[in-house]
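The values are calculated or read from the model by the stated rules, or taken from the named source; none is laboratory data. Note that the structure is a prediction, hence the values are computed from the model and not measured. So basically every Cβ, Gly included, is an ideal-geometry build from the backbone, and we count neighbours across all protein chains shown.
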Amino acid sequence: MAPTDTTDRTTFWQDHVTTWQASDLTQKAYCEAHGLRYATFGYWVRKLRTPSGDHQESASGFIPVTLSPVDGGLVLALPNGLEIRGIEANNLGLVRDLLGMLA
């Protein structure tokens, strides 16, 4: 069972997340092996994610995206390193569809 003190609880879950990341187990298998609630574990994995990881979510759940104008259209650079180049008025629908598939 997880501790009730905020600092102890964060340390408890950080230790489990770190141990899980070093294992070859899925989140679900790790939770079953350690008697943890899968949904709670998933919450802490997301909460403890750092900018050095995949991304840092804001309180709203949105990820900051930067648009930079370049010759030949815009470039959409996502935090994970993916770039979509050549964005112009005539292909905004395609870009929207691509981003929808990434969500």
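Filter segment 1-44 down to residues that are among the hydroxyl-bearing types (Ser, Thr, Tyr) and either assigned to a loop (DSSP other than H, G, I, E, B) or touching a strand residue (DSSP E or B) at 6+ places or on another chain (Cβ under 6 Å) (or both) and give me whichever is surrounded by the fewest Cβ atoms within 10 Å (Cβ to Cβ). Taking the candidates together, the pick is THR4.
Applying a threshold of 9 Å to beta carbon distances and a minimum spacing of six or more residues, or different chains, the list of pairs starting in segment 72-91 at a residue that is more than 16 Å from LEU102 (Cα to Cα) and ending at one that is basic (Lys, Arg) and surrounded by 10 or more Cβ atoms within 10 Å (Cβ to Cβ) reads GLY72/ARG85; GLY73/ARG85; LEU74/ARG85; VAL75/ARG85. Restricting attention to segment 46-64, the residues that are closer than 18 Å to ARG9 by Cα and either assigned to a loop (DSSP other than H, G, I, E, B) or at pLDDT 90 or above (or both) add up to 2.
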